[in-house]
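Here is the structure we will look at.
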């Protein structure tokens, strides 16, 4: 019960800033303005973009618009890599901020029963949840926090997060660079990649662990 309650609380913590500042930030970071603003930083535009993507953890930054701008400025490959790096870093920060609270604090927040339940979920299907969450609004930040709090295995978290972040970054960079006619189709196809990549990677990891035993 506490596990669900904490999840709802974290969702509300993400939604409240969006309700307060979302419209203002969306207006400020329009694609045209984002391009002009980032270009103004010259060779440091990539670093500013990463800072903005990391700030999405605390403020309702229009991360997808920033990724589109990166594709326009740097091209689909470099822009995609920068976008993926910013998205990845943001969620890693969320994970560690919650993991560093420690098991004692996590047990007090969740209760012993729900903490153990959360650890079991994180270990068994956490990779799937992390990979899939990258394509949903609000949930990536919340899932990363829950993964850290329940001490999801670090390697699994990093790999699953990469499986979700890379397709996300490259897809928006390609759209921003080329202005393709059917971005919805590209996004739909790319949304299928995170679970597919994680499926393959998790099987490889499982097989390698069996061989090492």
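I'd like to verify a number: residues in the range 144-156 that are closer than 19 Å to residue 105 by Cβ and assigned to a helix (DSSP H, G or I), how many?
7
Does residue 129 satisfy the condition of being surrounded by fewer than 22 Cβ atoms within 10 Å (Cβ to Cβ) and closer than 30 Å to residue 42 by Cα?
No, not satisfied.
Have a look at 115, 72, 95 and point out the one that is farther than 29 Å from residue 202 by Cβ and either surrounded by fewer than 17 Cβ atoms within 10 Å (Cβ to Cβ) or in contact with a helix residue (DSSP H, G or I) (Cβ under 7 Å, 6 or more places away or on another chain) (or both).
The unique qualifying residue is 72.
Taking the range 43-63 as the search range and keeping residues that are touching a residue at least 12 places away in the same chain (Cβ under 8 Å), in a helix (DSSP H, G or I) and closer than 14 Å to residue 33 by Cβ, which one is nearest to the chain's Cα centre (by Cα)?
Out of the qualifying residues, it is 52.
Can you find even one residue in the range 166-189 that is part of a helix (DSSP H, G or I), modelled with pLDDT of 70 or more, touching a helix residue (DSSP H, G or I) at 6+ places or on another chain (Cβ under 6 Å) and closer than 23 Å to residue 119 by Cβ?
Checking the range 166-189: not a single residue is part of a helix (DSSP H, G or I), modelled with pLDDT of 70 or more, touching a helix residue (DSSP H, G or I) at 6+ places or on another chain (Cβ under 6 Å) and closer than 23 Å to residue 119 by Cβ.
Test residue 159 against the stated conditions and say whether it is modelled with pLDDT under 90, out of contact with any strand residue (DSSP E or B) (no Cβ under 6 Å at 6 or more places or on another chain), within 24 Å of residue 81 (Cβ to Cβ) and surrounded by fewer than 22 Cβ atoms within 10 Å (Cβ to Cβ).
No.
The values are calculated or read from the model by the stated rules, or taken from the named source; none is laboratory data. These numbers come from a predicted model, not from an experiment. Cβ: placed from backbone, ideal geometry, glycine included. Neighbour counts: every protein chain shown.
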